[in-house]
Every structure is written in C-alpha cells, then in structure tokens.
Amino acid sequence: MTDVVQHDSAVLVHFTLTLEDGSLAESTKDGGKPALFRLGDGSLSPALEEQLLGLSVGDNKAFSLAPEAGFGPANPDLIQYFSRREFVDAGEPEVGMIIAFTGMDGNEMPGIIREVNGDSVTVDFNHPLAGQTVNFTIDVLAINPQQEAMNADSVG
C-alpha cells in the first residue's frame, strides 16, 4: 500500500473547482461521487499533478492554477462562425447552448454558442474553463484504491 501520492498513483478525491470570482465550476461533493485521478496518464495537467504529489489519505489542499497551468489559454482559432442554416437539425441556436459537432477526424467536439447575430452563429470550441484561473480544493480519500482491493483479494 502506498502512503503518499506518487508519479504513477491513482488518487480517489473529492474536489471543488471555483473561478476567480468565487463562482462554482464543479464539485464532486454535490453529487457525492468522488473522482479518480490517474497521475502520469496525460489526463491531468503537469501543474495539477505536481500539486497532488506527496499528499496522503486524509490530506486536503487548496491551490490555484493559472490558465497556462490549468485548462490552457483561450485560443482564438477555436472560435468558429457558422450560418444559422447549418443548425436546422439541431434546433434554434441560443447563446450558452452546448452542441456536439463532428470534426474532420470524425470525433465529436462540444462547442458553446457564444453569439447569434442575424444569420451568423459564433461557436467556441475552447474548453469552457480555458483562459481562466481556477481554484481547487482537494480532499484525498484513497491512494491506488483498485490496487489495494486487488491485493486484499489475492491475500485471502
């Protein structure tokens, strides 16, 4: 059993993510279901992984990540303009709607409608938190929880 979070750890956490203005962006505590982060798999930013390293079960930590260290800066190239006619199948476009678009590679990409002006619809494909400083509060519940369960099963 690992006592502290390491570079290849899986970490079960509750987290709350707020923006600079204090507004809530996401919280696992609301739904009561913790999140499993896997360090080293590329799903977390290096800066977020760095904040988790060395933590133990029961630890809680609050920290902020600048846009470059969190969800990245907003990229103006990811803002696209469409004709309103292209939304016939999706219904009337409204500001704030999130719509799945099919990319050139066939994968779906979510886009947020930022503006509807006459026949023009502005869609933002940036991550919704891109360009924002985010504040995390993390509570460590378990380290390598599946491995511990597998080890316990194999002992008996």
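The values are calculated or read from the model by the stated rules, or taken from the named source; none is laboratory data. Note that this is a predicted model, so its numbers are computed, not measured. FYI the Cβ positions are ideal-geometry reconstructions off the backbone, even for glycines, and counts take in every protein chain you see.
Against the conditions (1) at pLDDT below 85; (2) loosely packed, with under 13 Cβ neighbours inside 10 Å, where does residue 145 fall short? Just the number, please.
It is condition (2) that residue 145 fails.
Restricting to segment 129-142, and then to whatever is surrounded by 18 or more Cβ atoms within 10 Å (Cβ to Cβ) and within 30 Å of residue 81 (Cα to Cα), can you tell me which residue is nearest to the chain's Cα centre (by Cα)?
That would be 129.
From the list 30, 8, 41, pick out the single residue that is among the charged types (D, E, K, R), out of contact with any Ser or Thr (no Cβ under 7 Å at 6 or more places or on another chain), outside any helix (DSSP H, G or I) and without any contact (Cβ under 8 Å) to a residue 24 or more places away in the chain.
Being among the charged types (D, E, K, R), out of contact with any Ser or Thr (no Cβ under 7 Å at 6 or more places or on another chain), outside any helix (DSSP H, G or I) and without any contact (Cβ under 8 Å) to a residue 24 or more places away in the chain holds for just one of 30, 8, 41, which is 41.
Checking residue 126 against (1) surrounded by fewer than 16 Cβ atoms within 10 Å (Cβ to Cβ); (2) part of a loop (DSSP other than H, G, I, E, B); (3) at pLDDT 90 or above, which single condition isn't satisfied?
Failed condition: (1).
Please find, within segment 64-96, the residue that is nearest to residue 51 (Cα to Cα) out of those that are free of Cβ contacts under 8 Å to residues at least 40 places away in the same chain and surrounded by 15 or more Cβ atoms within 10 Å (Cβ to Cβ).
If we take residues in segment 64-96 being free of Cβ contacts under 8 Å to residues at least 40 places away in the same chain and surrounded by 15 or more Cβ atoms within 10 Å (Cβ to Cβ), then 69 is nearest to residue 51 (Cα to Cα).
Residue-wise test of (1) within 25 Å of the chain's Cα centre (by Cα); (2) outside the structural domain of residue 34 (by TED's automatic domain parsing); (3) part of a loop (DSSP other than H, G, I, E, B).
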residue: 54; (1), (2), (3): yes, no, yes
residue: 62; (1), (2), (3): yes, no, no
residue: 91; (1), (2), (3): no, yes, yes
residue: 109; (1), (2), (3): yes, yes, no
residue: 114; (1), (2), (3): yes, yes, no
